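So the structure is just underneath, and the comments pick up after that.
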Amino acid sequence: MSGPVQDRDQSSENESGDRIEVRQGRVADVGGMGVARVLPTKGRRTIGGWCFVDLMTPGDIVRPPPLEIGPHPHIGLATVTWLFEGTALHGDSLGTEQLIRPGELNLMTSGRGIAHAELGVHPTGLGSRVGGISGAQMWIAQPESTRHGASRFQHLADLPRIDLGSGEAHLMVGSLAGAGSAAKVDTAVVGLDVTMRPSVEIPAVQSFEYGVVPIDRSVKVGDTIVDSGSIAIIASGLDSIRLSVDGGHGRALVLGGEPLGERVQTWWNFVARTKDEITEAWHDWQDHNEDRFGPVPSHLARIDAPTPMWIRNPEAT
């Protein structure tokens with residue numbers, strides 16, 4: 001379910017602007033899944049340590065295709081997998097085989113290198129493939145202190161729920177209102193799945209910048225309307241964030257963190273700082289370097305990497 005970041009995303013840079021800005025995502029296709037990619041987007045590469053956000057829905061609602069993402073690599077990031085519907089099986093080069101269901105968290109930290117695969121399955125986990133997966137796949141860029149280090153995996157089936165009065169927040173990572181997730185991350189971030197009936201006030205950390213991603217309908221961030229498939233980017237300095245919908249109830253992801261303070265270089269499934277680092281990882285994957293990217297317990301076909309644009313056409317970069 002993760003990635004890839006495409007060449008067109010390389011133009012994304014962090015730009016300063018108003019307190020709340022709305023950026024339109026774009027539609028992509030990943031392994032037969034319909035994807036709304038809201039980060040990176042034009043004018044914004046990161047929000048805190050968050051550097052990638054895909055919202056996934058079945059490409060065909062009536063006959064959804066099976067989720068089948070074969071073995072592929074990552075460096076320099078943590079994948080945060082959060083499902084709204086369906087069940088998926090995660091397998092990785094650490095030897096992990098782990099089912100994930102709605103309300104559970106898979107957190108895979110790549111460090112210098114890891115490979116993994118994902119497959120939609122029946123909730124019983126007995127091997128029959130199904131479609132109907134929907135959820136979010138997110139990445140957190142690792143800092144210099146850990147991005148060259150060891151990889152690790154966490155599965156958390158029991159995460160805090162925080163009462164917000166007329167709604168609640170399911171805490172994926174970080175801390176809020178005295179509660180903390182057991183998810184181990186390397187940067188100061190928070191990740192929330194928020195429901196509102198019809199409005200909530202979410203405590204904010206003044207030094208954090210935030211992104212709000214509507215899930216099932218348009219959401220107001222303060223007085224700013226944010227449609228599904230878009231992201232609201234909130235500059236640091238707020239004590240709280242007010243979310244609301246016009247009647248009924250709504251749902252949104254709220255992602256925040258300390259500004260990263262450095263420019264990341266993101267290409268395909270790699271997060272680095274330079275093109276040379278990405279080129280090295282690309283060669284290692286294409287050359288089947290199992291010291292860096294070990295075998296994955298999956299019957300799915302291994303995914304070859306495209307050729308980086310700076311190798312494919314060096315005069316154009």
inquiry  = Which of SER151, SER199, SER218 has the fewest other C-beta atoms within 10 Å, and how do the rest follow up to the most?
reply    = SER218, SER199, SER151
message = With an 8 Å Cα cut-off and a minimum separation of 6 or more residues, compute the relative contact order for the range 7-257 in percent.
response = 19
ask   = Can you sort ILE20, ILE114 so the residue with the fewest Cβ neighbours within 10 Å comes first?
value = ILE20, ILE114
request  = Return the sequence-ordered ³J(HN,Hα) values of the range 192-205 in whole Hz as given by the Karplus equation 6.51 cos²θ - 1.76 cosθ + 1.60 applied to θ = phi - 60°, using x for Gly and Pro.
outcome  = 10, 10, 10, 10, 9, 9, x, 8, 9, 10, 9, x, 10, 8
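For ASP223, ASP92, ASP163, ASP216, which order do you get if you count the other beta carbons within 10 Å of each Cβ and list the fewest first?
ASP223, ASP163, ASP216, ASP92
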key: Given charges at Cβ of Lys, Arg, Asp, Glu: the chain dipole, positive-most of THR87, GLN286, VAL219   = VAL219
request  = Would you mind checking which residues have amide H under 5 Å from VAL190's amide H? H placed 1.01 Å from N; only 5 or more apart, or other chain.
outcome  = GLY256, GLY257
note = Tilt, helix 275-286 to longest principal axis of the chain (alpha-carbon atoms), in degrees rounded to tens, equals 60
inquiry  = Just want to confirm a number: the relative contact order over the range 253-312, from Cα pairs under 8 angstrom separated by 6+ residues, in percent.
reply    = 20
key: CD proxy at 222 nm, helix term only [per DSSP H run n ≥ 4: -39500 (n - 2.57); per residue of the chain; nearest 500]   = -1500 deg cm²/dmol
task = Go through (i) 53, 48, 35; (ii) 62, 48, 33; (iii) 82, 48, 28 and flag the label whose value is the computed Cα extents along the principal axes in Å for this structure.
result = (i)
inquiry  = Just to check I understand the Karplus step: with θ = phi - 60° and J = 6.51 cos²θ - 1.76 cosθ + 1.60, what whole-Hz values come out for the range 146-155, glycine and proline as x?
reply    = 10, 6, 9, x, 6, 8, 7, 9, 10, 10
Selected from LEU77, LEU94, LEU243 as most flexible by GNM, with the chain as the system and alpha-carbon contacts under 10 Å = LEU94
ask   = Mind listing the phi-derived Karplus ³J(HN,Hα) values for the range 220-228, rounded to whole Hz, using 6.51, -1.76 and 1.60 with θ = phi - 60°, and x for any glycine or proline?
value = 8, 10, x, 9, 9, 7, 10, 7, 4
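Bear in mind that the values in this text are calculations on the coordinates, not laboratory data. What you see is a predicted model; the values in this text were computed from it and never measured. Using ideal geometry, Cβ is built from the backbone for each residue, glycine included, and neighbour counts are taken over all protein chains shown.
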